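Below is one structure, written out as structure tokens, with a few remarks after it.
The values are calculated or read from the model by the stated rules, or taken from the named source; none is laboratory data. Every value quoted in this text rests on a predicted model; they were computed, and no experiment measured them. Glycine also receives a Cβ, built like all others from the backbone with ideal geometry; neighbour counts cover every protein chain displayed.
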Amino acid sequence: MQKARPVSHRRRILAGLAIAALVGAALIQAGLVASRAAERRATAERLGIVRAQALAQTLDRAGTTGDAAREVVRLWSASDPSIRSIRVIAFSGIMLEASTASGDAGGRAAPRRLEREEKPLYDQGQRLRAAHETNVQEGADRKAEIEIADRTDGALEVAAPLEASGEITGMAAVTAARPPTPGPAPVPLDALLGVALPIALFYAAGRLLGERRRALFVTAVLLVSASLGWLGFRAAGSLADARRDSETAVDAATQAELARAASVLGDPALAAALAAAPPAPIAPADVDVNVYRRPYGGGAPGSAEALARLGRDVGEIRRAVRRVTAGILAIALLLLAFIGLGGAARSVATLRRHRVAYTYVLPAMIGMLVLVFFPFIYGVALSFTDATLFNTDKSIPEIWIGLKNYGEILGDFAIVKHTAGGTVVNYLNFYWTFFNTVLWTVLNVTIGVTVGLFLALILNTRGLRLRPVYRVLLILPWATPNYITALIWRGMFHQQFGVVNQVIQIFGGHPLAWFDRWATSFATALATNGWLSFPFMMVVSLGALQSIPSDLYEASRMDGASRWQQFRSITLPSLQPALIPAIILSVIWTFNMFNIIYLVTMGDPGSSTEILITQSYKYAFERYRYGYAAAYSTVIFMILLVYGYWQNRVTRATEGIA
Amino acid sequence: MRPNRLSAFARFAALAAAILLALPTSPARAQKELVLWHAYRGEEKAALEEVVARYNAENASKGIKVTTLAVPYDAFADRITAAVPRGKGPDLFIYAQDRLGGWIEAGNTIDPIDFYLDPPTKDRFLKTTLDAMTYQGNVYGLPLNFKVITMIYNKKLVSKPPTTTTELVAAAKRLTAAKAGRFGLAYSYSDFYYHAILMNAFGGGVFDAQRKPTLNSPANVRSFQLLMKWLDTDRILPAEPSTALITSLFNEGKAAIVFSGPWFLGEVSKTVDYGLAPLPSVVEAGGAPMRPWMTVEGVYIAAPSKNKDAAYDFAKFLTDLPAAKTLALRGRQTPSNLKVYDDAQVKADPTLQAFRKQVEVAIPMPNLAEMTLVWSPATTAMNVIVKKAATVPAALNEAQSKVAAGIARLRGGK
């Protein structure tokens, strides 16, 4: 056999370092490019809003309809060459009040009724109005009152609502060229340096250190950390500069637009419209607003307030970059360790050796990934958000709230409440529901095993006639779809007409309102599930009973053992290998037995008989709190995971016995 | 083996190429197809299909064809929620207004139609049915049919239907023999939807104009107190009134008067001679009529539809007089187009006329997304009140605070 060539630690770590530095620098560079693009986009949008709001405010003052509106639009469009078109609509009469769009000339010139293909424009205006009313009613900023859209020709269209005497009556849509973007991105010199320098330095250090693995690895870690840290620092600086530039640009634009507004409002052509009342001045806070038409809250440009806000923004950027850099560094160091310490080489070797096996497993792996792991990971990610019906359009990072849902679920220990009327259990509390679920599971499995085993022993009587008939009859409850069984049982427990209460009455008892108290309501669900679960246990036990060799019993009879002794010493131990897996399975089924609780007790009274799985369903689909429900489900998963781990150990123990 | 396999592959490749080449040459379909999803069955479905066939015949020259797809009711709303925003849904669909708010909030599901809606089309409908289709000031669909609760009575037991609650209680007391399982009045009073009859009579409700919950308003409290009087003092109602129980009581002649909607009529046995009359007025509320919640099935245009103009044209056709007549007479539905009730044949139909009369005072059930947060606390409060586990104001205050908290969490965001 040929002896393997000893591996060179120096070469391996150098490869790891090169890849780690390359990946790290590339990620930081990509993040920087994306962030700068986002900043540019945000600036363009802010500038667009300033422009549209300045026009909208001017129209609000001069008049949102009629000749005055058309005059404002004409003057405005003439004074700003970057504007491609302005369209003003009024809801009343579905009118196009003014337009400088090239198609709206001649026979189509404003004012005219909007045409069918212009429905989206009208709908947009109505959407802005509805958004404003929603925000006012809810006292929150939930829906955008200004809409920004990209046009295919590279222009930006900003639509802002128009107000007349406190109500939104129309909309102005301004299409303008985007502000010029800086030329092609410069060669990422920093990133190149951040890769080349550590490689060169490590190469040099390697000559000094030779094949000393630990020293080499520590050097590589230090070099990668230093290089990525420096790149992060540079990126933060670059982004902070971009932020400052953006602020300056918006300030300048605000001043320019206010000046334009003043000059338009002062134009003699509008003197007639404004003769009655001189318009209130437009403030910077009226035009430099976010999409909810709220001022950014920075005071006048150049003021101490504005500077303080800018300072806060820059600090925020630096912190964010630091967090991201730390994350990237962690990935890079993991890569370095994986490659440099030989993990990668070993993985490749395994993959290569078991090539065929991995190929066979691949389709199943992909299936699992798509059908199991992706939804699971998505669910877990959702559990860290505040997703509700009302914010389904937002991405996960936007509604990220960290562990708040878990805190709310697990941190609420107010299980009982003391009120004037006595002690009240808060049935929505997680721990109550958990207690209820555990009780539900334990009692059900106990009932199932006891009844099932008992019936199996009877059926196993030697020489029993008509055994197959009994067996079929006893399996029937299992064969019926369980939601049908559940609905039948619910009917049987009806207070006036249910068969259970009628039987009670025959024996002179008082009819019970079964679903009015926790204990009785719980008992109805228990009875239903007991009915459903014993056949399974019976079948399992019967199978195992029939496989016990009869000579064991004969031998014990010879020795004078009683029936009970036979059961204790022969039957039970022989059943164990079959029963324990069945019990484990049945615990998991019962823990998540949705149908019975949902259909029989419906959680009555007042959610007290809810189990975890039905509670989480109600959070998602009755209260529309998707994030909270996802967290609830994740907690259920964790509980079952712990149970599964424990059960694994128990199974191993029983395997030892068997 | 090898050449054989090769030639098989070659043949397959040639076939595939031929199909690919043939595809663009197949005649391009000039037809515009509109897909309509609905959840109707039986005669309702037959009536709808008849109207659609008529529309297709009339518009064949324009190249427009409407196809219908009946989706099971249980799966309907979820399928709309899942399919439409992703552009996989129909061009139009028919559903009650209760999910409207949720779909609008979720976005890209339903488009408003104010733009198309001209005054003559608006005037077809009772204003309240159009209100049911309105969300935040925009109309989102054309009302097709409505459903309301009315009074259904056994003619053998009740000769003259009561017109006030005083008459109702008097008649019901006379006809009640709880020991024998006979009741003068039976309805799902512990179902919040049915209780709205009384709540609305007192001027109560679930939301105010600002979309704030008002479950514990004084009007609502009084409505529950009236219910408790019927249940406790007058003892004219059965316990635990499930729909199955009410149906069987009515069919066995053990319930004289029932408050229920058109869905109940299909369950009534042939042997029972029943009549319909408007719900009585409530003396305790100053003689105001009982006002049921109306459910309005609207025709909505899916936001991702490519043929919205044609879709609206069809929706207009579907709610026009001839279509409404078919829906009423063939489908036994109650169209929202009021002109149909002046038609001679429809006029002669006492059932349709009874619902027509009842809808005058009906109030559209809220179409807000927040409404789903109301059901559970309201039902809990109803159960607590009916079972006398708490006083009416206490139970309603509890429900109000739960609903308010739920809404705050839902709207809150970050």
Would you check if there is a residue in region A:509-523 being surrounded by fewer than 16 Cβ atoms within 10 Å (Cβ to Cβ), of a type in the set (G, A, S) and part of a helix (DSSP H, G or I)?
yes
Counting just the residues of region B:289-315 that are touching a strand residue (DSSP E or B) at 6+ places or on another chain (Cβ under 7 Å) and among the charged types (D, E, K, R), which one comes out nearest to the other protein chains (Cβ to nearest Cβ)?
B:K308
Do the conditions hold for B:A399, that is, is it of a type outside the set (S, T, N, Q), farther than 22 Å from B:D123 by Cα, in contact with a helix residue (DSSP H, G or I) (Cβ under 9 Å, 6 or more places away or on another chain) and within 14 Å of another protein chain (Cβ to nearest Cβ)?
yes
Please go through region A:463-496 and pick out each residue that is under 24 Å from B:S248 (Cβ atoms), away from chain B (no Cβ under 13 Å) and in contact with a helix residue (DSSP H, G or I) (Cβ under 7 Å, 6 or more places away or on another chain).
A:T485, A:A486, A:W489
What are the residues in region A:493-502 that are within 15 Å of A:L526 (Cα to Cα) and surrounded by fewer than 19 Cβ atoms within 10 Å (Cβ to Cβ), if any?
A:V500
Working only within region B:89-123, note down all residues that are within 18 Å of B:T372 (Cα to Cα) and assigned to a helix (DSSP H, G or I).
B:Q97, B:D98, B:R99, B:L100, B:G101, B:G102, B:W103, B:I104, B:E105, B:A106
So A:M171 passes all but one of these: (1) touching a helix residue (DSSP H, G or I) at 6+ places or on another chain (Cβ under 7 Å); (2) under 27 Å from B:A408 (Cβ atoms); (3) surrounded by 16 or more Cβ atoms within 10 Å (Cβ to Cβ); (4) within 14 Å of chain B (Cβ to nearest Cβ). Which condition number does it fail?
(2)
Could you say whether any residue in region B:75-88 is buried (at least 18 other Cβ atoms within 10 Å of the Cβ), within 13 Å of chain A (Cβ to nearest Cβ), in a helix (DSSP H, G or I) and in contact with a Leu (Cβ under 7 Å, 6 or more places away or on another chain)?
no
From the list A:A98, A:A69, A:A56, A:A52, which one is surrounded by 22 or more Cβ atoms within 10 Å (Cβ to Cβ), at pLDDT 90 or above and outside any helix (DSSP H, G or I)?
A:A98
Quick one: B:G331 ticks every box in (1) assigned to a helix (DSSP H, G or I); (2) in contact with an Asp or Glu (Cβ under 6 Å, 6 or more places away or on another chain); (3) more than 14 Å from chain A (Cβ to nearest Cβ) bar one, so which box is it?
(1)
What strands (runs of 3 or more DSSP E) lie completely within region A:138-232 and have 1 or more residues being more than 35 Å from the chain's Cα centre (by Cα) and closer than 29 Å to A:A44 by Cβ?
A:155-164, A:167-177
Would you mind finding the one in A:G237, A:G210, A:G232 that is small (G, A, S), on the phi > 0 side of the Ramachandran plot and out of contact with any Phe, Trp or Tyr (no Cβ under 9 Å at 6 or more places or on another chain)?
A:G210
Would you check if B:A390 is within 10 Å of chain A (Cβ to nearest Cβ) and in a loop (DSSP other than H, G, I, E, B)?
yes
Here are some residues: A:L389, A:L455. Which one is crowded, with 19+ Cβ neighbours inside 10 Å and either of a type in the set (K, R) or within 14 Å of chain B (Cβ to nearest Cβ) (or both)?
A:L389
Hey, can you tell me all the residues within region A:503-541 that are more than 14 Å from every other protein chain (Cβ to nearest Cβ), β-branched (V, I, T) and either free of Cβ contacts under 8 Å to residues at least 12 places away in the same chain or in contact with an Asp or Glu (Cβ under 6 Å, 6 or more places away or on another chain) (or both)?
A:V503, A:I504, A:I506
I'm told B:K156 meets every condition in (1) in a loop (DSSP other than H, G, I, E, B); (2) crowded, with 16+ Cβ neighbours inside 10 Å; (3) more than 14 Å from chain A (Cβ to nearest Cβ) except one. Can you identify the failing condition by its number?
(2)
More than 10 Å from chain A (Cβ to nearest Cβ), touching a helix residue (DSSP H, G or I) at 6+ places or on another chain (Cβ under 7 Å) and not hydroxyl-bearing (S, T, Y), is that true of B:F115?
no
Candidates A:L371, A:L362, A:L382, filtered to the one that is within 33 Å of the chain's Cα centre (by Cα) and either surrounded by 14 or more Cβ atoms within 10 Å (Cβ to Cβ) or under 30 Å from A:R11 (Cα atoms) (or both):
A:L382
How about region B:142-157: which of its residues are within 27 Å of B:A323 (Cα to Cα) and in contact with a Pro (Cβ under 9 Å, 6 or more places away or on another chain)?
B:P143, B:L144, B:N145, B:F146, B:K147, B:V148, B:I149, B:T150
Any residue that is in contact (Cβ under 8 Å) with a residue 12 or more places away in the chain, among the hydrophobic types (A, V, I, L, M, F, W, C), more than 14 Å from chain B (Cβ to nearest Cβ) and assigned to a helix (DSSP H, G or I) - is there at least one of those in region A:598-609?
no
Specify which of the listed residues (A:R557, A:R568, A:R465, A:R490) is crowded, with 17+ Cβ neighbours inside 10 Å, out of contact with any strand residue (DSSP E or B) (no Cβ under 7 Å at 6 or more places or on another chain) and charged (D, E, K, R).
A:R490
Within region A:87-126, can you find the residues that are within 17 Å of A:E163 (Cα to Cα) and either of a type in the set (D, E, K, R) or more than 14 Å from chain B (Cβ to nearest Cβ) (or both)?
A:R87, A:V88, A:E97, A:A98, A:D123
If you scan region A:127-168, which residues turn out to be within 14 Å of chain B (Cβ to nearest Cβ), surrounded by fewer than 20 Cβ atoms within 10 Å (Cβ to Cβ) and more than 21 Å from B:A106 (Cβ to Cβ)?
A:V136, A:G139, A:E167
State which residue pairs qualify: first residue under 19 Å from A:V587 (Cα atoms) and within 12 Å of chain B (Cβ to nearest Cβ) and inside region A:612-634, second residue part of a helix (DSSP H, G or I) and among the polar types (S, T, N, Q) in any location, beta carbons under 6 Å apart, and separation of 6 or more residues or different chains.
A:Q615/A:T433
From the option list B:V374, B:V384, B:V346, single residue qualifying as touching a helix residue (DSSP H, G or I) at 6+ places or on another chain (Cβ under 8 Å), away from chain A (no Cβ under 14 Å) and among the β-branched types (V, I, T) is B:V346
Does B:V258 qualify as being at pLDDT 95 or above and farther than 30 Å from B:Y40 by Cα?
no
Kindly provide the set of residues from region B:159-207 that are polar (S, T, N, Q) and not in a helix (DSSP H, G or I), ordered by number.
B:S159, B:T163, B:T164, B:T176, B:S188, B:S190
